[in-house]
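Here is the structure we will look at, set down as structure tokens.
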Amino acid sequence: MQLYALGLNHNTAPLAIREQMVFHAEKLQSALRELTQTKPVGEAAILSTCNRTELYCSSSEPQEPLLWMADYHRMKPQE
């Protein structure tokens, strides 16, 4: 397994996208549980503020965290 960092911030994404990618505090625990229980992700941490969203995780399949994050927020991975 390898460690991956995935994220966006005020330099890499417009406000409209950052607003869509926010993990709200009340749903953060369930999002982490979903990620680690349904995908090939061992451990994970999510940092989500008004200016950035970052996902740190270990995974044997590098695309899976990205696909999960896009699906969780109902977006396309390329967005």
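A few notes on this one:
- Note on the chain: with neighbouring protein chains present and a 1.4 Å probe, carbon and sulfur make up 50 percent of its accessible heavy-atom surface.
- In the chain, inverting the average of 1/r over every pair of distinct C-alpha atoms gives 12.6 Å as the Kirkwood radius.
- Solvent exposure ordering (accessible area, 1.4 Å, most first) of V41, V22: V22, V41
- C-alpha long axis of helix 25-38 to longest principal axis of the chain, angle in °: 40 degrees
The values are calculated or read from the model by the stated rules, or taken from the named source; none is laboratory data. As the structure is a computational prediction, the values presented were derived from the model and not from experiment. The accessibility values were calculated without ligands, DNA or RNA, using every heavy atom of the protein model including side chains. Shrake-Rupley method; radii C 1.70, N 1.55, O 1.52, S 1.80 Å.
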